Amino acid sequence: MDIPDTLVRKSEEIFFSFPPERRESALVPLMFEAQRELGCITPDTEHWIAETVGVSLVKVREVLTFYSMLRRERAEKFLVQFCRNISCCLAGAEDLQRHVEKKLGIRNGETTADGLFTLRYVECLGGCSWAPMMLVNEMQYYQLTPEKLDRIIEGFRSGRPVPPDEPTPLLGNVGEKIAV
Amino acid sequence: MTSSNGTRLLSRNFALPGQANLDTALKRGAYEMLKRALKMKPEEVTTVVKASGLRGHGGAGFSAGMKWGFVPKDVFPRYVCVNADESEPGTCKDRLILEYDPHLLIEGALICAWAVQAERIYIYVRGEYFYPTRIVQRAIDEARAKGFVGENILGSGWSCHVHLGTGAGQYICGEETGLIESLEGKKGWPRLKPPFYPAAVGLWGKPTIVNNVETLAFVPRIIEIGAEKFLSYGTPKAGGPTLFSLSGSVNRPGVYELPTGVPLKTLIYDCGGGIKDGRRLKAVIPGGSSSHILTAEECENLKMDFESVVAAGSMLGSAAVMVIDETVSIPRLMVWMTRFYAHESCGQCTPCREGTGWLLRLATRILEGRGRRRDLDDLYELAENIDGKTICALGQAVAWPTKSYITKFRHEFEALIQE
Amino acid sequence: MPHLEINGKPVEVPAGTNLIEAARRLNIEIPHYCYHPGLAVVGSCRMCQVEVELNGRKSIVVGCNTAAADGMKVFNNTEAIHRIRSGVLEFYLQHHPLDCPICDDAGECDLQNYYLLHGLHDSRVELTEKHHKHKVHDVGPTVVLDSERCVLCSRCARFCREIAGVDELGIFEHGGDSELLNVPGRLLENDYAGNVVDLCPVGALTDKDFRFRRRVWYLKRTPSVCTGCSRGCNIYVDWETSRSYKNPQRRIQRLKPRYNRGVNEWWICDRGRYGYHAVDAENRLTAPRTKSDGESEATVDGVLDRAAEKIKAALAKHGPKSVAVIASSSSSNEDLFLLKRLFADELKVHSLDVTLSGEPKGKEDEILMKADVSPNRRGAVEIGVQPWGGGGVAGDDIVASALDGDYEVLIVVHHDLTRMLSQKERNRLGQNCDYILYLGTHENGMCHLADDVIPIAMWAERDATYTNFQGRVQRTWRPFEPRGEALCEWRVWQELGKRLGHSLPAESVAGVFDSIGTVVASFKGLTWEGLPANGIMLTGVSEPAYRKVQSSHPLPAY
């Protein structure tokens, strides 16, 4: 299969970060990068990875199916990963789920008819103090409200995405001046 | 620097502009402590860290200095793994360190690597942390370009390389041996113990120190202010402050850096501004979702240090405090919690693989009003059958909260069971 | 050597022995699924938890990953342990299909066995709640997988990696979705694939060759030795003849490996495993044959009488040079010893050998398989069934001379010369040899070429010994009688000897074996009664250094 040069270069960088006799260690980061480049990891890509890394197909498939972020099917243009863990639920994520389902017209695991959005409920994304939170592809969005959600989704629909909350806003005392 | 409002030792530069950039960070003293440490003997560094009372902030609370001391003599190469797989529900403090002061972490990891004479550092960041990963990668590149990382660091003759490791969405990779397996290119199945410590047999079978981001980020500060001073910011058994991740039903959720041992009420009411919408406090999960739930009464005089929380029947864990108000249904909380563990069980050993899904099924049935009278006892018994029977701590991580929810809020479950 | 107590019984074990093995020495079974002494320890099944008391501290540990220590007290039968195992078993049975009535493993299934010991609880699971996974899934040409029965012990996957050195099975997905499978396009087809069925503690992996043939409790088990190659792997013959409605021709139902540390450890190759079909193959020779006129039906006695006459005549007319014997290294030590006594020692026949360059060869690897597919070449060499004296003629030369008409009488055991000769040569051999006697087990070209044919018993039909390539003498036990009129080869030589006026030693196989040592130095001191079940090295030959049976490029365990 045709592997993009960018991915080949990236794979060399990844291999370089491990001792030369530990090529196998590149497996997870390489799959991650391959997915980023190609959208998902197809059987062809599995073969390429097995060959490049020097491991068996069984091993590649084991690792691929183990990690929940690695995909064998292409996600649609915008993968909405919506947290439904305790802190987010305490902050109203369940109501918001109903809102996002209505807004997109799809349920967990489904893709919108226009092929733009895939919705997936996921476990803790580590944004508990800024709950509820979600990721859209690689962008993080916090303190979601129905209004903010609408704006974000419209932003992606119109090609003018709402800037993500990067860096994570400082909440709590870590951003405050030190009171002596 | 200590007050009821906070001890900003680790996070003191977070709010200052440009702290994630090396040039700016250098003006504020970044890597000065590395220089100081490189002038010390490696074992002196370990001694200082041991004396500082620094304990692991990832969950287990193990003495960092002792861990470093477990590295066997004469076995090389050695490695340091930074555990940035922050995934324990409720925990969100490491991401701030990664995003706001990555050089502090790199500096701490380098000092640790110097102390144990490691030749490589891997910073294993969870896959969902796209933005923090970019920041850390840039910081590593900057530090390498300036000679803080790589060959012959600062002319010391000592070389140490820093690389990024990548998670791909599996809670279990935060377990230190699961993390190592993942770094080796495998499924993140935690390793069977013994051997007990990666410090002896770790990455690629070699001595490896696995420490949490926050733990290592404290290290430059310990070198800076000395062990004694650091110890004074915590309790005699746990030196220094702790980053508390506060979430749930409070007015001001956020990450708070406070002395270890601070009263829970200070955190919830003084820092967090009290319970949302003037509601009453029902319960607190004090140390991430894996910890036993504490009732409002149990929280009354609770101090947030390892020993006090254990004495109260729970654990400090990753200091992720989830506040639960009177309107929250504990059976619903049970579903959120068990759903997480059912999803995150790695599948390696039987009780957890088969049991977590079963717990979720029973919890869901009860919540949906389809529960049978015996379901509650079954739920408890199944949790008991998982607890302590597994290879890693995930078993007890689901068993403890399950049992405590039932024991302490049994009436809420019974009210949902029709029969 | 740590001294410890298990259930109050003292035992001393070598340092490093784990608790499962230590208990085994006391005939105490610590239940387990994932642990196997030949594979890396993974500790995932959680069945082998035991209570341990050491230096006054009590704890619960897994027996597989805990080394016996001096002064340790191990408890395998406490109420706490029973509760733990009961709990673990319930987790296993949660999604299990409970299809024992149609499962081949019923009767030798460790889910059944342990349930009887530690379970006996009612199910708390609704049928509708059970997960469904792959059923009747072909993981390879010889093995079928039922994923719903699988306990995910990973023994099979580890076997492929650690012993066979190939990655053919894996555990995919995670948590409750975990499933053992092959990957599409990559089958379980290594030369040792059948071992995964033996390793499977439940009915998840079943052998297509054995599936649905017999309930295991009808099987009888006889220890034996594989005769598929010169390694001589130790095996069990699982056989059953009384329930003939299934397939009256099939007496052996399956072969299973029998542990022998110095030969095959716990494993056998598939070539050996399925080689037993030859025993009851349709083309087995079950009656003597003759081309001689005037005999309506050949009898063994008739053939033997004629052979003796032919030999006598040839010897009288042209001397020992007119007789040649191509014996076989597939024959037992006893067969070859009597053959050697008769032809070399008594009749002074020099044209005597077991080896032909055209003999079939098998695949060889560094695990178990040897290219030499005969089980007793070393025995033939030790006993001296080879060209001897000044005028000795080697196998290939015997064939060449026979084609040239140098022999009046040619005796061939097992070898199918017709496969090594052209049609023209076959005709010439028939014409140029006055008399050809063939001793064989199956229908082949020799049966038509030879003047007389005597059917010979196969390995599973007789007590016999074979000397493997290492010099280890190993015996078989006879599960059942030879088919038809087939008889043991050594009997043929004994009978022939009588007719030629030479009394060969002993009337029993034991007697023949015991007399080998009186003549052959390397058999000196070996007695039939004294043969251990796992064989004995030839006198003067030392036990080879221990080598773990595995690929030279094993893949790491999980």
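The values are calculated or read from the model by the stated rules, or taken from the named source; none is laboratory data. These numbers come from a predicted model, not from an experiment. In this analysis, Cβ positions are derived from the backbone assuming ideal geometry, glycine residues included, and neighbour counts consider all displayed protein chains. Just the protein is used for accessible areas: all its heavy atoms, side chains included, with ligands, DNA and RNA removed. Shrake-Rupley method; radii C 1.70, N 1.55, O 1.52, S 1.80 Å.
Shielding value for B:251-260 is 5, the average number of Cβ atoms from other chains within 10 Å of each residue's Cβ.
Taking the dipole about the Cα centre of the range A:59-180, with the C-beta of Lys and Arg at +1 and of Asp and Glu at -1, give me whichever of A:L144, A:M69, A:G172 is farthest to the positive side. In the range A:59-180, that residue is A:M69.
For the pair A:E147 and B:A145, label points projected 7 Å from Cα toward Cβ lie 4.1 nm apart.
For chain C, the 222 nm mean residue ellipticity estimated from helices alone, with every DSSP H stretch of n ≥ 4 adding -39500 (n - 2.57) and the total spread over all residues, rounds to -6000 deg cm²/dmol.
Each peptide in B:298-305, B:206-213 gets a packing score, the mean of other Cβ atoms within 10 Å over its residues, and the list from highest to lowest is B:206-213, B:298-305.
For chain B, what's the relative contact order in percent, using C-alpha pairs closer than 8 Å and at least 6 residues apart?
With pairs under 8 Å counted, the relative contact order is 17 percent.
Projecting the Cα atoms of B:V75, B:S404, B:H343 onto the charge dipole of chain B, computed from C-beta unit charges around the Cα centre, puts B:V75 farthest toward the positive end.
Could the peptides C:98-104, C:490-496 be put in order, highest first, of the mean number of other beta-carbon atoms found within 10 Å of their residues? Write down the numbers at each step before the final one.
Numbers: C:98-104: 14.1, C:490-496: 23.4.
Ranking the peptides C:98-104, C:490-496 by packing returns C:490-496, C:98-104.
Here the Karplus relation 6.51 cos²θ - 1.76 cosθ + 1.60, evaluated at θ = phi - 60°, turns the backbone of the range A:17-31 into coupling constants of 7, 10, x, x, 7, 10, 4, 4, 4, 6, 3, 5, x, 5, 5 Hz, with x for every Gly and Pro. Among the lysines, which fall within straight-line cross-link reach of C:K370, defined as a Cα-Cα distance under 17 Å, with same-chain neighbours fewer than 8 residues apart omitted? Cross-link targets: C:K361, C:K548. Surface calculation, 1.4 Å probe, protein heavy atoms: B:I111 sits at approximately 0 Å² accessible.
Shape class of chain C from the alpha-carbon gyration tensor: prolate, with a/c at 1.5 or above and a/b greater than b/c. In a reduced charge model with +1 at each Lys and Arg Cβ and -1 at each Asp and Glu Cβ, the range B:175-224 shows a dipole moment near 200 debye about its Cα centre.
Restricting to the protein assembly as shown, what percent of DSSP beta bridges are antiparallel, rounded to 5?
Details: 69 of 117 bridges.
Given both bridge residues lie in the protein assembly as shown, the antiparallel proportion sits at roughly 60 percent.
Residues of C:77-90, mean number of Cβ from any other protein chain within 10 Å of their own Cβ, rounded to a whole number?
Details: counts 0, 0, 0, 0, 0, 0, 3, 5, 1, 1, 10, 8, 2, 7.
Counting Cβ atoms of other protein chains within 10 Å of each residue's Cβ and averaging gives 3.
At a probe radius of 1.4 angstrom, the accessible area of the protein assembly as shown per residue rounds to 37 square angstrom.
Label sites at B:R370 and A:E37, each approximated as a point 7 angstrom past Cα along Cα to Cβ, lie 4.6 nm apart. Surface composition of the protein assembly as shown: carbon plus sulfur atoms contribute 51% of the solvent-accessible area (1.4 Å probe, protein chains only, all chains present).
Ordered from largest to smallest accessible area (heavy atoms of protein chains, 1.4 Å probe), the residues C:L116, B:L34 come out as C:L116, B:L34. For the residue pairs C:K291/C:K321; C:K348/C:K498; B:K39/B:K237; B:K389/C:K58; B:K27/B:K50, the alpha carbons lie more than 18 Å apart in C:K291/C:K321; B:K39/B:K237; B:K27/B:K50. Against the criterion of solvent-accessible heavy-atom surface with a 1.4 angstrom probe, A:S56, B:S291, C:S422 sort, most first, into C:S422, A:S56, B:S291. Seen against the Cα atoms of chain C and their longest principal axis, helix C:423-432 is set at about 50 degrees. With a 1.4 angstrom probe, the accessible area lost at the B-A interface totals about 5300 Å². Taking all Cα pairs closer than 8 Å and separated by 6 or more residues, the relative contact order of the range B:1-146 comes to 30 percent. Rounded to the nearest 20 debye, the dipole size of the protein assembly as shown about its Cα centre is 1640 debye, using +1 on the Cβ of Lys and Arg and -1 on the Cβ of Asp and Glu. Take every Cα pair under 8 Å whose residues are at least 6 apart in sequence, average their separation, divide by the length of chain C, and the relative contact order is 12 percent. Close amide-amide hydrogen proximity is noted between A:N173 and B:V255, B:Y256, B:E257, each under 5 Å apart and 5 or more residues distant or on a separate chain (H modeled in the peptide plane; Pro and chain starts excluded).
Partner lysines whose Cα lies under 29 Å from the Cα of A:K148, excluding those fewer than 8 positions away in the same chain, are identified as A:K77, A:K102, A:K103, B:K93, B:K276.
Rounded to whole numbers, the Karplus 3J(HN,Hα) couplings from phi for the range A:49-57 are 5, 4, 5, 4, 7, x, 10, 6, 4 Hz, using 6.51 cos²θ - 1.76 cosθ + 1.60 with θ = phi - 60°, and x at Gly and Pro. Taking every DSSP bridge with both residues inside chain A, close to 55 percent are antiparallel. Note on chain B: helix-only mean residue ellipticity at 222 nm, from DSSP H runs of 4+ residues weighted -39500 (n - 2.57) and normalised by residue number, equals -12000 deg cm²/dmol. Rounded to the nearest 0.05, what FRET efficiency do B:F196 and C:N113 have when you use their Cβ-Cβ distance and R0 = 35 Å? Efficiency, from the Cβ-Cβ distance: 0.60.
Shape analysis of the protein assembly as shown places it in the prolate category; the axes a ≥ b ≥ c from the Cα gyration tensor give an a/c of at least 1.5, with a/b above b/c.
The residues C:T355, B:T338, sorted by heavy-atom accessible surface at 1.4 Å with ligands and nucleic acids left out, run C:T355, B:T338 from largest to smallest. Ranking B:G287, B:T242, B:P259 by Cα position along the charge dipole of the range B:238-305, where only Lys, Arg, Asp and Glu carry charges on their C-beta atoms, puts B:G287 farthest toward the positive end.
Where the only charges are on Cβ atoms (+1 Lys, Arg; -1 Asp, Glu), what is the dipole of the range B:241-325 about its Cα centre, to the nearest 20 debye? Write out the running numbers ahead of the final one.
Working: 7 positive and 9 negative charges, 52 e Å.
For this selection, approximately 260 debye.
Where both residues lie in chain B, what percent of DSSP beta bridges are antiparallel, nearest 5?
Values: 17 of 38 bridges.
Here the antiparallel bridges make up roughly 45 percent for chain B.
For the residues of A:160-172, the average number of beta carbons from a partner chain within 10 Å of their own beta carbon is 5.
Mind ranking C:10-23, C:200-213, A:25-38 by how tightly packed they are, going by the mean number of other C-beta atoms within 10 angstrom, highest first? List each step's numbers first, then the result.
Values: C:10-23: 17.7, C:200-213: 20.3, A:25-38: 22.4.
The packing order, highest mean first, is A:25-38, C:200-213, C:10-23.
Probe radius 1.4 Å, ligands and nucleic acids left out: can you give me the accessible area buried at the A-C interface, summed over both chains, in Å² to the nearest hundred? All intermediate terms of the calculation are to be shown ahead of the outcome.
Values: alone 10940 and 23710 Å², together 33740 Å².
The A and C chains share an interface burying roughly 900 Å².
Just check the range B:275-404 against the gyration tensor rule for me: Cα atoms, a ≥ b ≥ c as the square roots of the eigenvalues, rounded for a/c under 1.5, and otherwise prolate or oblate depending on whether a/b exceeds b/c. Before the final figure, lay out each step's value.
Numbers: a/c = 2.11, a/b = 1.30, b/c = 1.63.
In terms of gyration-tensor shape, oblate.
Along the range C:39-45 the Karplus relation, 6.51 cos²θ - 1.76 cosθ + 1.60 evaluated at θ = phi - 60°, assigns HN-Hα couplings of 10, 4, 7, 10, x, 9, 7 Hz to successive residues, with x for each Gly and Pro. Annotation: amide H-H contacts under 5 Å for B:G248 (H modelled 1.01 Å from N, sequence separation of 5 or more, or interchain): B:V323.
The amide H of A:Q140, built 1.01 Å from its N in the peptide plane, has A:D165 as neighbours under 5 Å, considering only residues 5 or more places off or on other chains.
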